[in-house]
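A short worksheet on the structure shown next.
The values are calculated or read from the model by the stated rules, or taken from the named source; none is laboratory data. On a predicted model such as this, the values are computed, not experimentally measured, just so you know. No Cβ is skipped: glycine too gets one built from the backbone with ideal geometry, and neighbour counts run over all protein chains shown. Protein only, heavy atoms only, side chains kept; ligands, DNA and RNA dropped before computing areas. Shrake-Rupley method; radii C 1.70, N 1.55, O 1.52, S 1.80 Å.
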Amino acid sequence: MAVQQESCTVGSTSLRRIVVGTDLGPCSVRLLKAVQLQKGAEAHGKTADVYLHGAAGSWTTFQPLLSDAPERDRVLVDLPGWGDSTENARLESATVEAMAGAVVEVLDSLGYRAWNLVGHSMGGVIALHLAAAWPERTRSVAAISPTAFGVAHAVRHPWRGLATLPWFMGMLLLMRSMAVLGQLGKTLIRWVGKTPVMRLLLSPLFADPAAIPADVIRGLGRDARPRAFCAATRAVAQYDVAQWHGIRCPVLAIRGDSDAFTPPSDLDQLATAGPHVRTVTVPNCGHFAIVEQPTVVQHLLDELRQR
């Protein structure tokens, strides 16, 4: 049930903010309505493009992809525990399945019968689960740097993870330390986010850290939620990826050629889910291809939806 609505503007883009109650707590979403109606079922506004952020982000992760006029409604979700959805979030219950269920609760409340999914990092894992659990409603999935196989193995086997994904393990250790400090940890991260130190700390996420705009670096500092990050890593480590063999829709899996969190082997393993999976390595970017190569990413998304 939608419990709150308001309007906001990001650049030249007008968004509606809606808060929907879910089993994991209130979920804040931004809704960007389609400019013109499409033929068929989509003409009735029942299919949406849905964007799911990662464990270190919020709906703002996808701002570089919002510049063009949408053909379908766009729904940008702050998952319970992240962004503007932190109040009364039940992170102790935040499994991949539960987070996917919260997304479906939101989309049902908004009246959407089907969806195209775009997920970044942890959001990619959630998007893939949605496609497996609700195949009749999922039209396509774009998983951008999905943190699945490698991250799950590193969390379950931390000593091995230090060798295979050292940058991820370093961030996990930092987030666990900040989570112990509670509100002080969040405050400390946001304070560091206003200093040049944050660019250095986030450098493993990008191919060219010096080229990343300062507002993006500050935004990642504001979006940091240590408890939620730790809950997300537990959820991914406990998730059974064998469920993905039930996916029937077209899948696009993307990683950057300098991605320190999603190794090439992750895309190789994902490709075994079926012939409908296409994998692409985007040059000159790291874990945030959306930020470093937004034009390339948008082109790949357009190609996927044409399939």
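Here are the numbers:
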item	result
Pairs, first open to solvent by less than 40 Å² (accessible area, probe 1.4 Å) in the stretch 172-200, second assigned to a helix (DSSP H, G or I) and aromatic (F, W, Y), C-beta under 6 Å, six or more apart	M175/F229
Unique residue being at pLDDT below 95, assigned to a helix (DSSP H, G or I) and closer than 19 Å to P146 by Cβ when the list is L220, L184, L188, L201	L220
Tally of residues being assigned to a loop (DSSP other than H, G, I, E, B) and of a type outside the set (S, T, Y) across the stretch 124-167	8
Residue in the stretch 94-101 that is of a type in the set (D, E, K, R), in contact with a Phe, Trp or Tyr (Cβ under 9 Å, 6 or more places away or on another chain), in a helix (DSSP H, G or I) and at negative phi present	yes
Test for V296: is it hydrophobic (A, V, I, L, M, F, W, C) and either under 17 Å from E71 (Cα atoms) or surrounded by fewer than 19 Cβ atoms within 10 Å (Cβ to Cβ) (or both)	yes
Residue in the stretch 145-157 that is at pLDDT 95 or above and over 24 Å from A253 (Cα atoms) present	yes
Exclusive hit being under 26 Å from A273 (Cα atoms) and either crowded, with 23+ Cβ neighbours inside 10 Å or in contact (Cβ under 8 Å) with a residue 60 or more places away in the chain (or both), set S85, S145	S145
Matching residues, the stretch 61-75, being in a strand (DSSP E or B) and in contact (Cβ under 8 Å) with a residue 60 or more places away in the chain	none
Matching residues in the stretch 264-307 - criterion: being among the polar types (S, T, N, Q) and within 17 Å of F206 (Cβ to Cβ)	T281, N284, Q293, T295
Among (1) touching a Ser or Thr at 6+ places or on another chain (Cβ under 9 Å); (2) modelled with pLDDT of 95 or more; (3) open to solvent by less than 20 Å² (accessible area, probe 1.4 Å); (4) in a helix (DSSP H, G or I), the one test that C230 misses	(1)
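Residue-by-condition table, conditions (1) of a type outside the set (K, R); (2) closer than 18 Å to M169 by Cα; (3) touching a residue at least 60 places away in the same chain (Cβ under 8 Å); (4) crowded, with 22+ Cβ neighbours inside 10 Å:
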residue	(1), (2), (3), (4)
G246	yes, no, yes, no
V251	yes, no, yes, yes
S258	yes, yes, no, no
A271	yes, no, no, no
G274	yes, no, no, no
T279	yes, no, no, no
